[in-house]
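**Q** Provided herewith is a single structure, encoded as structure tokens, for subsequent inquiry.
The values are calculated or read from the model by the stated rules, or taken from the named source; none is laboratory data. This structure is a prediction, so every number in the text was calculated from the model and none was measured. Note that we place each Cβ from the backbone using ideal geometry, even for glycine, and neighbour counts take in every protein chain shown. The area values use the complete protein model at the heavy-atom level, side chains included, leaving out ligands, DNA and RNA. Shrake-Rupley method; radii C 1.70, N 1.55, O 1.52, S 1.80 Å.
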Amino acid sequence: MTTFYINGQKVTANKNDTILSVARREGFYIPTLCYLTKVKPISSCRLCVVEVEGQNGFILSCQTPPVEGINVITDSQKLFTHRQNIMKMYDVNHPLECGVCDKSGNCDLQNKTLDFEVSSQEFSAKEQKRVIENWGFIKYDESLCILCERCVHVCNEVVGDNALKIGVGGYKSRIVRVEDSSCSECGECMAVCPVGALTTKDFQYKTNAWELQKIPATCAHCSSGCQIFYEVKHVGSCEKSDKKVYRVTNDVDINSLCGAGRFAYDFNNSSVKDKDKFEKAIEAFHVADTIVFNSYITNEEALILQRLKEKFGYKLINSSALKYQKFLQEFSKSAGSMLYNGTIEDIKSADFAIVLGSKISSDNPIVKYALNTAQKNRRAEICYLHPIQDEDIKQIVTQHIKYEVGSEEGVVALLLQLFLNQENLEDSLKSYIDELDIGYLSAESNIGEEELSKLKAKSIRKQNFVLVIGEDLITHKRAENIAKLIGLFQKYTQFKVIIIPTQTNTLGVSLICDLDEKKGNYSIGYNVKGNFTLSCFDGDLSMPSLNQQEGTFTTIDKRVVPTNVAISYNGYCLNDIANAIGLNKKYTIDYTIELPHEKGFIKKSFDELSNFYNLNGDDNRGYALENKVVNSIVAVESVEDIGEFNGTVVYRCESVNQFNYNTFVSKNLANDSFLIGSNQFAIAAKIGDGDEVEFSIGENLIKKVFKIDKKLKGTIAMNPSFDRLLSDDWVSSSYRYQKVTIKRVEG
Amino acid sequence: MKKGTQNYINIHTESSPQKPFEMFKQIVKRTFKGEMFVGLWIVFREMIRFNIHTIQYPKEKLPLSPRYRAVHKLLRLIESGNERCIGCGLCEKICIANCIRMDTKIDENSRKVVTEYTINLGRCIYCGYCAEVCPELAIVHGDRYENVSEQRAHFVLKDDMLTPLDLLKQKEQKEYPGFGAISDEADKFIKKTPLAY
Ligand code: SF4
Ligand code: SF4
Ligand code: SF4
Ligand code: SF4
Ligand code: SF4
């Protein structure tokens, strides 16, 4: 801890603090243009200069750690003139187009130009030919760019796509796309751009920033539950017109979004109260004995379903959440705590990370971002264990270990043997580890022993370990034993464990609901096909979408975070039905305070939940679940023989930026759902690029167009399921790899 | 006169009749007094005379000051005929009656165009802020002060305000000298940006 002074006031700095971060925490204003809390100091704008009393010259506060006892001056006539000169330079030849620019009103250049009282251009420079470029969904207007480099830094340090770089050339410098890079169209670069240089096609010139109403919410598409604002305004110029979401923004200084969160905001439903249909729904609830649902649901609605079960004995079917629930239960039995102990922050600050059983680039973008940040900023080793090599993250992964499909249990055992500290183990466990047949496991899983020892060698002298567990393991037929083994990781190794919840609120549902295995005779489907279907898409009774509801989600970070209504909904919601058949709460959010305490939820009402970060990045969103201690029983079973997965195998995985039907219906995202495989796969399956094919998984006949991806290798093809309307329960919970026979449909 | 007191003048000097018969007498007297015909005669005389000062509304209207603020006009650029409004939205923002609404989009030439522009004249207080804030001298106040329509919804759409192209061709679009117009000496304040070529 360092003590020093800012403008004469005593302040203290922690390790890794800079003068700027302390100043922000303590409420002193130092102007900045290029600084972003979430990336390393860029120091291109040099506005953040400060003076130190008694010393000559200026220092850059964004990257200078404070020295004991100094007095930092944040504002003086000299500093003002210096900063004013910087702004004068920025303004040279800057187009006078604030009148139409989308950024006007929240443009940093505009603000600082006014702050530093620059009202005319005194210098001149020969103007270059400046072009407007189309980068797919994003447009780059060079003449507005001030070369702050924020976009380049987020794309490298956060997103990990390394798609942008600076085309150096003095006054001619500009931002250029890295050839052959794979931009995932996340829109992060556009979001952090302090000026109007980067815009999107869906938003450009549609409205002025100040007309939009910001609704603080939580992204509904995946379990990261990112903080977002839905920005809404009326459509057209009629007074009584409906509202629509114009864009999604976020607290760009701190958090980041993926393309789905940023662009797939147009999934709202509209309806009016239809009494007849409502009566039919009530009737259906009277005859039904089962409710089928998925985890794209708020905690409150999950609790309503649970209450309905308690009161009327409905069976609750949500197989995907059930698998997760069982996994978590077995995990906690051997780990000794109800939840896993890792968070996204832990990944960011890790220096050794293992990702197991997840196609992380599409399964959970925020985990991918965090891994990338760890790799870029802490030189972390990122070891990716997966049967398919993923080109999208080749910039992030430092070691890819490929294993045979189906051998996940053996892989976990191998890792355990590698990292478990043998010293303080109970005897039974010690002998379990000793008896593992490493040779056999390594042969069956096809992981070479030298690969493992290389991995082990990399872990030496590392301090912060994380283990990320994906859906491949959760849906594995030996999931329960795998979960037990993973539990040992948390208990006996330094690894912090994160088990990625498969859908937005899988974690919440698995804590709140008492789920059943088998359906009854007559089912109500909630956004899943049932005998009577309630849905925000195409059901027997229309329901509000997730951006039309208030409530909370439980995120991967084990936090309960609130979301709000972006677009109002005039039809009925689940709470209306629940009230009509015997529960009694005026609003859905009246359930927030009653979320099960014994599972770690805190007695807080919805209105007590905040939803923001402060400038230093402290998370003030909702609350963190209490991670309760449970009795730990070590009862791991021996590894079962590994079955063979030969021939053509399809892997259920969504394309980047797609998660489910909510993202599929968005007009702003590419939503082709092809079966994508390698050349080798095409040969093995005897199909060609562009062929229409069909295959069946379980009882589901799936028809798709096949596309060859030249970058892919091996005989596993990607089979996205996000386009399935009312995606049936089974599809989202079966083992992700399926052996199939692929037939070409003659057309 | 003492400060704080009022100086009342009684203009009705006769005392009011109390008895019913007196009241009746007053009514008769007032009803048949010849003065009424004096008034009627004056009206009749003026009706048939020429060269009078009465404005023959609605055939004639009083000339208005340029600063008069009535129903808005949207002007066009004189040379090109393009709409002056660039859709900056400042008028919408500044309007204290919150009665301006607009909708914009990007057109084929990548320019921002205003697709809809309405002013709810039922709510507008004719303060002139919109005309004053407009950086393009696009929205101005006109002199049309009669607002008659069957529906409030007709108050007022973009097409009603925008200078029709034929009028523009006939050079009928007048520059607006009133509220929000540039001052006569505006040229004096212009600083030239140094250019390097
Ligand atoms: S980037 Fe900012 S300063 Fe430049 S035209 Fe747009 S709003 Fe104005
Ligand atoms: S959209 Fe995302 S991936 Fe693409 S250039 Fe921008 S930050 Fe990089
Ligand atoms: S495009 Fe925007 S974020 Fe990128 S360098 Fe230019 S001004 Fe900065
Ligand atoms: S989809 Fe997931 S990662 Fe993307 S913005 Fe939403 S919550 Fe975040
Ligand atoms: S202020 Fe003028 S230019 Fe701007 S939107 Fe209004 S009328 Fe158009």
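**Q** Can you give the translational diffusion coefficient of segment B:72-181 in µm²/s, computed by Stokes-Einstein from the Kirkwood radius over Cα pairs at 37 °C and 0.692 mPa s?
**A** Details: Rh = 14.4 Å.
Stokes-Einstein gives a translational diffusion coefficient of 228 µm²/s.
**Q** Tell me, in nm to one decimal, what length is gained between A:LYS273 and A:GLU598 on full extension, where the rule is 0.36 nm per residue of separation less the Cα-Cα distance?
**A** Details: separation 325, 0.36 × 325 = 117.00 nm, distance 3.71 nm.
Gain in length upon complete extension: 113.3 nm.
**Q** Using Cα-Cα distances under 8 Å and only pairs 6 or more residues apart, what relative contact order does segment A:65-135 have, in percent? Don't jump to the answer; show the numbers that get you there.
**A** Numbers: 28 pairs, mean separation 27.7, N = 71.
Contact order relative to length: 39 percent.
**Q** So how long is each side of segment A:124-263 along the principal axes, counting just the alpha-carbon atoms, biggest first, in Å?
**A** 51, 37, 24 Å, listed from the longest principal axis down.
**Q** What does the highest-first list of A:60-70, A:690-700 look like by mean Cβ count within 10 Å?
**A** On the way: A:60-70: 17.2, A:690-700: 14.8.
Going from most to least packed, we get A:60-70, A:690-700.
**Q** Taking 0.36 nm per residue of separation and subtracting the Cα-Cα distance, what length does fully extending B:LYS59 through B:MET36 add? Numbers along the way, then the final one.
**A** Details: separation 23, 0.36 × 23 = 8.28 nm, distance 2.89 nm.
Stretched out fully, the B:LYS59 to B:MET36 stretch lengthens by 5.4 nm.
**Q** Something else about it: What is the average number of partner chain Cβ atoms found within 10 Å of a Cβ in A:704-717?
**A** Details: counts 0, 0, 0, 0, 0, 0, 0, 0, 0, 0, 0, 0, 0, 0.
Per residue, the average neighbour count from other chains is 0.
**Q** Still on this structure, I have one more. Out of the DSSP beta bridges found with both residues in the protein assembly as shown, what percent are antiparallel (nearest 5)? The partial results should precede the final answer.
**A** On the way: 66 of 106 bridges.
Among the beta bridges of the protein assembly as shown, antiparallel pairing accounts for roughly 60 percent.
**Q** Between A:THR741 and A:GLU692, how many nm apart are label points set 7 Å from Cα along the C-beta direction?
**A** Result for the modelled spin labels: 2.1 nm.
**Q** For segment A:322-499, what are Rg and Dmax over the alpha carbons, in angstrom?
**A** 15.0, 43
**Q** Let's test the formula: R0 of 51 Å, r as the Cβ-Cβ distance of A:ASP538 and A:GLN494. What FRET efficiency results, to the nearest 0.05?
**A** Details: r = 49 Å, r/R0 = 0.96.
Efficiency for this residue pair is about 0.55.
**Q** When the solvent-accessible surface of protein heavy atoms is calculated with a 1.4 angstrom probe, in what order do B:VAL114, A:VAL235 fall, highest first? Before the final figure, lay out the partial values.
**A** Values: B:VAL114 15, A:VAL235 65 Å².
Listed by decreasing accessible area, they come as A:VAL235, B:VAL114.
**Q** Could you work out the equivalent-ellipsoid semi-axes for chain B, taking the square root of 5 times each eigenvalue of the Cα gyration tensor, largest first, in whole Å? Before the final figure, lay out the partial values.
**A** On the way: eigenvalues 590, 106, 81 Å².
Gyration-tensor ellipsoid for chain B: 54, 23, 20 Å.
**Q** Hey, another quick one. Calculated from DSSP H runs of 4 or more alone, at -39500 (n - 2.57) each and per residue, what is the 222 nm mean residue ellipticity of chain B, nearest 500? The partial results should precede the final answer.
**A** Details: 6 runs with 45 residues, N = 197.
Only helices count here, giving -6000 deg cm²/dmol.
**Q** Something else: Please report the orientation-averaged projected area of segment A:63-104, defined via the convex hull of its C-alpha atoms, in nm². Before the final figure, lay out each step's value.
**A** Details: hull surface 20.0 nm².
Directional mean of the projected Cα hull area for segment A:63-104 stands at 5.0 nm².
**Q** A further question on this structure: What is the interface area between chains B and A, defined as buried accessible area summed over both chains with a 1.4 Å probe, reported in Å² to the nearest 100?
**A** Details: alone 16460 and 31190 Å², together 45530 Å².
Adding both sides of the contact gives about 2100 Å².
**Q** Kindly provide the Kirkwood hydrodynamic radius of segment A:669-747 in Å, to one decimal, from all pairs of distinct alpha carbon atoms.
**A** Values: mean 1/r = 0.0764 Å⁻¹.
So the Kirkwood estimate lands at 13.1 Å.
**Q** Between A:ASN521 and A:ILE460, what FRET efficiency follows from the Cβ-Cβ distance if R0 is 51 Å, with the result rounded to 0.05? Don't skip to the end; give the middle numbers.
**A** Values: r = 59 Å, r/R0 = 1.16.
That pair, A:ASN521 with A:ILE460, gives E of 0.30.
**Q** Helix-only estimate, please: 222 nm mean residue ellipticity of chain A, summing -39500 (n - 2.57) across DSSP H runs of length 4 or more and dividing by its residues, to the nearest 500. Show your work: numbers first, answer last.
**A** Working: 22 runs with 196 residues, N = 747.
Theoretical 222 nm ellipticity from helices: -7500 deg cm²/dmol.
**Q** Within segment A:170-209, whose backbone N sits under 19 Å from a point 7 Å along Cα→Cβ of A:ASP672?
**A** Backbone N within reach: A:180-186.
**Q** Per residue of B:84-92, count partner chain C-beta atoms within 10 Å of its C-beta, then hand back the mean as an integer.
**A** Details: counts 0, 1, 3, 5, 7, 9, 4, 0, 5.
If you average over the peptide's residues, the count of other-chain Cβ atoms is 4.
**Q** Relative contact order of segment A:124-263: what whole-number percent is it, with Cα pairs under 8 angstrom and at least 6 residues apart? Please list the in-between numbers first.
**A** Details: 225 pairs, mean separation 27.2, N = 140.
Reported as a whole number, the value is 19 percent.
**Q** Can you give me the orientation-averaged projected area of the convex hull built on the Cα atoms of segment A:388-482, in nm²? Provide the component values of the computation, followed by the final result.
**A** Working: hull surface 28.9 nm².
Averaging across all directions leaves 7.2 nm² for the Cα convex hull.
**Q** Take peptide B:65-75, look around each residue's Cβ out to 10 angstrom, count Cβ atoms belonging to other protein chains, and average those counts. Don't skip to the answer; put the middle values down first.
**A** On the way: counts 0, 0, 0, 0, 0, 0, 0, 0, 0, 0, 0.
Across the residues of B:65-75, the mean count of other-chain Cβ atoms within 10 Å is 0.
**Q** Hey, for a label at A:THR3 modelled as a point 7 Å past Cα toward Cβ, could you say which residues of segment A:59-96 have their backbone N under 14 Å away?
**A** Residues A:68-71 qualify, since their backbone N sits under 14 Å from the label point.
**Q** Still on this structure, I have one more. Using the scaling law 2.2 N^0.38 Å as the reference, what is the normalised Cα Rg of segment A:329-398?
**A** On the way: Rg = 12.9 Å, N = 70, 2.2 N^0.38 = 11.1 Å.
In units of the globular-protein estimate, segment A:329-398 measures up at 1.17.
**Q** To continue, here is another question. I need the calculated FRET efficiency for the pair A:ASN134 and A:LEU96, taking r as the beta carbon distance and R₀ as 41 Å, to the nearest 0.05.
**A** Details: r = 24 Å, r/R0 = 0.58.
Between A:ASN134 and A:LEU96 the formula returns 0.95.
**Q** Moving on to the next point. How large are Rg and Dmax for segment A:594-747 when only the alpha carbon atoms are used, in Å?
**A** That works out to 21.9, 60 Å for Rg and Dmax.
**Q** May I pose another question? Per residue and in cubic angstrom, what volume does the convex hull of the Cα atoms of segment A:548-616 have? Intermediate results must be reported in sequence, preceding the final value.
**A** Working: hull volume 8.5 nm³, N = 69.
Enclosed volume per residue, from the Cα hull, is 123 Å³.
**Q** Given the alpha-carbon gyration tensor of chain A, what are the semi-axes of its equivalent ellipsoid in whole angstrom, ordered largest first, with each equal to the square root of 5 times an eigenvalue? Don't jump to the answer; show the numbers that get you there.
**A** On the way: eigenvalues 372, 215, 153 Å².
Listed largest to smallest, the semi-axes of chain A are 43, 33, 28 Å.
**Q** Here's a follow-up. Determine which residues of segment B:72-91 fall in the zone a paramagnetic label at B:CYS127 would reach in this model, i.e. backbone nitrogen under 16 Å from the point 7 Å along Cα→Cβ.
**A** Flagged as within label range: B:90-91.
**Q** Pairs of alpha-carbon atoms within less than 8 angstrom and 6+ residues apart define the contacts here; what relative contact order does chain A have, in percent?
**A** Working: 1613 pairs, mean separation 107.5, N = 747.
Worked out over chain A, it gives 14 percent.
**Q** Mind checking the alpha-carbon convex hull of segment A:397-550 and giving the volume per residue in Å³?
**A** Numbers: hull volume 29.3 nm³, N = 154.
Dividing the Cα hull volume of segment A:397-550 by its residues yields 190 Å³.
**Q** Tell me the label-point distance for the pair A:LEU425, B:LEU195, using the 7 Å Cα-to-Cβ offset, in nm and rounded to one decimal.
**A** Simple spin-label model gives 7.9 nm for this pair.
**Q** In segment A:649-744, how many lysine pairs have Cα atoms under 23 Å apart, counting only pairs 8 or more places apart or on different chains?
**A** 24
**Q** Under a point-charge model restricted to the Cβ atoms of Lys and Arg (+1) and Asp and Glu (-1), what is the dipole moment magnitude of segment A:1-116 relative to its Cα centre, in debye to the nearest 20? Intermediate values should be presented prior to the final figure.
**A** Details: 12 positive and 11 negative charges, 48 e Å.
Its charge dipole is roughly 240 debye.
**Q** Averaged across orientations, what area in nm² does the convex hull of the alpha carbons in segment A:1-135 project? Let's see the in-between values first.
**A** Details: hull surface 41.3 nm².
Mean orientational projected area (segment A:1-135, Cα hull): 10.3 nm².
**Q** Let me ask you something else. Just order A:546-556, A:264-274, A:525-535, B:49-59 by mean Cβ neighbour count inside 10 Å, highest at the front, would you? Don't jump to the answer; show the numbers that get you there.
**A** Values: A:546-556: 26.0, A:264-274: 18.5, A:525-535: 22.3, B:49-59: 7.4.
By packing density, highest mean first, the sequence is A:546-556, A:525-535, A:264-274, B:49-59.
**Q** Sticking with this structure for a sec: For segment A:226-341, treating each Cα as an identical point scatterer without solvent, what Debye log10 I(q)/I(0) comes out at q = 0.13, 0.17 1/Å?
**A** Rounded to two decimals, the profile gives -0.90, -1.11.
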